Amino acid sequence: MDIIIPPCNHTSHLSTICLWETEGDCCKKCGGKISGTAFTCSSCKVWKHISCADKLNRDLLPEIIHALHLQHKLQLQWNYELDFICDKCLYISTGYMYRCSSCDFRLDLTCGSSISGQLPKDQEPLRFKDGKKKTIIHHSHGDVLSFFKYRKLREEDYDCFWCEKHLQPSDVCYGCSFCNFYLHQLCSDKIPRTLSHSFHPNHPLRLACTYENPKCNVCSKWCSTSTPLYVCEMCSFSLDFDCAKLSPSLKLDCHHHLLTFFKDFNQKGEEGQDSYCKACGKHCDGASVYRCVQCHFSLHLKCVVPSSATHKYHRHSLTMMELIKEDDSEKYYCDVCEDERNPKDPVYYCQSCTFIAHIQCVLDQDFFLEDNSGKYYCDFCEEERNPNDDIYYCEECNGQPIAHIECVLAEVEDNMEITKNIHEERFRKELETVVARFMKFLSNECRPPIAEVIQAGVVPRFVELLGSPSYYVREQAVLALGNIAAVSLKCRDLVLGHRALLPLLALLNKPVSRSMLRNATWTLSRFCKPPFDQVKLVLPTLARLIHSKDEVVLAKACRALSYLSDGTNDKIQAVIEAGVLGRLVELLMHPSSSVRTPAADTVKNIAIVKALFN
């Protein structure tokens, strides 16, 4: 029996094998050049000598008897178009098979052929385990699903029906090759039988294989009889699996409900009215839209979301993308809020550094400009304000946001109290937002009234935040306390009076980022002005910091020592006993003047006092 193995070894390409004349092409099997007639696969453009191709064909038997199926002979089939699961190794296979038509028992060529040792096999066979069933009846599909292990057969990957991620080599799965339905074994336990969904909030939905309405009420697509739907038994509402995975994600001021993203939306409403974009008036059919399912309110994606944007926490411009191809990691996250995101939703994306953010997280920034209406508003309370009153504003953001002084201070106080009673994760996110906003007003450029800030009671709050579980909040608290302490000795004493020194030293005595190390050292230097007794505990930490390899840390640590050594003999003696003098002398040769100058000041202070007392 003359059966041909394709030159590319892809048994699914049997229909594309040809005998052609060629000069100069190389044989895939032996590597030699071909001159004359040879086998080629027109799909892959691969060539083989006729003699090389025959080596794999000559021992193939038209029928066999196999130990796993002794009751019937297995016939060789080479023109089977669908993928199948081999009943021996349980890998998904294609092309050649040995099959019993009576029992539908199938073996791929590797498991059934007498020359199986010569044929490529990229994975070890999957062996049955005790209690493992070969097939299951699953509530997500109308047909029986077969247990198999995946291997890549063609360029297009199979996707899991539920998580929609590519099946990976050796993934354990269930599948129906007739329907191209495949499901990770782990995902088979995640598909809910009942569902409460925002598209139909009044009643629960139940997964059903038989239903009166085979049409999804959300996208208007008709469903095949083998595909279950989520149905409402009280009002004949139907929801297909694709729409069941969707959830509202965008809030706009122009509509009172959250909007859901639909890619390639294709629904006709009553008299076609709800298939129009409410912004531009054009058809929505076939376009990507944000839609309110309850109100049949639709907006083109490009009508509501700018094609590019910027974010205050990212230095590059962001581009709106409908789909981002990432790796097959378990979850996808937004780099702004750090919450999980739907990989099918559009995002803002920076290609330079793979920064990805929810559309909502970028649009939620305050983009309000003062207009010429003659009225002025506070961006916190949104009430009208007197343009002659003092305000908080941010110069870095072109004067935005603008707020009443009392609104800023009240918001800090209120949020500090609110966050004590909410979930830890939500507390972290809200607190980071409040602290970031407050730090903008507290920066030197904004010239804040420190007396009012202190009177509002924020100093003990920031001392508490030095122990926050959020790294970002801890660093901002360090900066805030340093800014307040730098104003005057009275402010410094107030900060120290609220016991800020010990938690700051605790931060410096464990591994931290370079940014945190620099900021904490700077704040520590703000604490090191007289009186000496309040801050002498910092000497062991400073003795370690002056060995840092970071120039900024060295400069700040040396400056702190210059403050501590500016005084009486007992102060100088304490500095010397800390073991810093030798290192300070070494730093007199440092290439940077920002380090040499405070190091020289400290050495000079020590030398002067020693000379006076000797």
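The values are calculated or read from the model by the stated rules, or taken from the named source; none is laboratory data. Computed from a predicted model, the values in this text were never measured in an experiment. Here the Cβ positions follow ideal geometry from the backbone for every residue, glycine too, while neighbour counts run over all protein chains shown.
Here is how the numbers come out for the structure above:
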| item | result |
| --- | --- |
| Selection within segment 540-570 - part of a helix (DSSP H, G or I) and over 19 Å from N519 (Cβ atoms) | P540, A543, S562, L564, N569, D570 |
| Qualifying residue in segment 575-595 (condition: under 49 Å from the mean Cα position of the chain (by Cα), of a type in the set (G, A, S), buried (at least 18 other Cβ atoms within 10 Å of the Cβ) and part of a helix (DSSP H, G or I)) | no |
| Residue list for segment 215-236, restricted to those being part of a strand (DSSP E or B) and within 31 Å of the chain's Cα centre (by Cα) | L229, Y230 |
| Residue match in segment 554-573 (condition: acidic (D, E) and closer than 26 Å to K510 by Cα) | no |
| Exclusive hit being over 30 Å from P228 (Cβ atoms), among the aliphatic types (A, V, I, L, M) and modelled with pLDDT of 60 or more, set L90, L119, L74 | L74 |
| Candidate set from segment 553-567 (those that are touching a residue at least 40 places away in the same chain (Cβ under 8 Å) and aliphatic (A, V, I, L, M)); member that is surrounded by the most Cβ atoms within 10 Å (Cβ to Cβ) | L561 |
| Count of segment 174-186 residues which are among the small types (G, A, S) and either part of a strand (DSSP E or B) or in the same structural domain as D87 (by TED's automatic domain parsing) (or both) | 1 |
| Among residues of segment 173-198, those that are among the aromatic types (F, W, Y) and surrounded by fewer than 19 Cβ atoms within 10 Å (Cβ to Cβ), counted | 1 |
| Exclusive hit being at pLDDT 80 or above and either of a type in the set (D, E) or in contact with a Ser or Thr (Cβ under 7 Å, 6 or more places away or on another chain) (or both), set E124, E81, E63 | E63 |
| L205 modelled with pLDDT of 85 or more and either aliphatic (A, V, I, L, M) or closer than 22 Å to N342 by Cα (or both) | yes |
| Inter-residue pairs, beta-carbon under 8 Å, first under 13 Å from H200 (Cα atoms) and buried (at least 20 other Cβ atoms within 10 Å of the Cβ) and in segment 212-231, second of a type in the set (V, I, T) and modelled with pLDDT of 80 or more, 6+ apart | V218/V293 |
| Filter result for the condition that a residue is under 16 Å from the mean Cα position of the chain (by Cα) and modelled with pLDDT under 80, over Q365, Q351 | Q351 |
| Complete set of residues in segment 27-60 that are modelled with pLDDT of 75 or more and surrounded by fewer than 17 Cβ atoms within 10 Å (Cβ to Cβ) | K33, S35, G36, T37 |
| All positions within segment 151-164 that are at pLDDT 80 or above and farther than 10 Å from Y182 by Cα | C163 |
| Candidate set: segment 281-296, residues that are in contact with a helix residue (DSSP H, G or I) (Cβ under 8 Å, 6 or more places away or on another chain) and surrounded by 19 or more Cβ atoms within 10 Å (Cβ to Cβ); chosen: the one farthest from M320 (Cα to Cα) | C284 |
| Test: residue in segment 489-497 that is more than 39 Å from the chain's Cα centre (by Cα) and buried (at least 21 other Cβ atoms within 10 Å of the Cβ) | yes |
| Total residues in segment 498-517, condition more than 15 Å from A477 (Cβ to Cβ), of a type in the set (D, E, K, R) and either touching a residue at least 24 places away in the same chain (Cβ under 8 Å) or crowded, with 20+ Cβ neighbours inside 10 Å (or both) | 1 |
| Filtered residue count, segment 187-205, keeping only those that are closer than 23 Å to V144 by Cα and either part of a helix (DSSP H, G or I) or over 31 Å from the mean Cα position of the chain (by Cα) (or both) | 3 |
| All positions within segment 461-471 that are part of a helix (DSSP H, G or I) and touching a Lys or Arg at 6+ places or on another chain (Cβ under 9 Å) | V463, L465 |
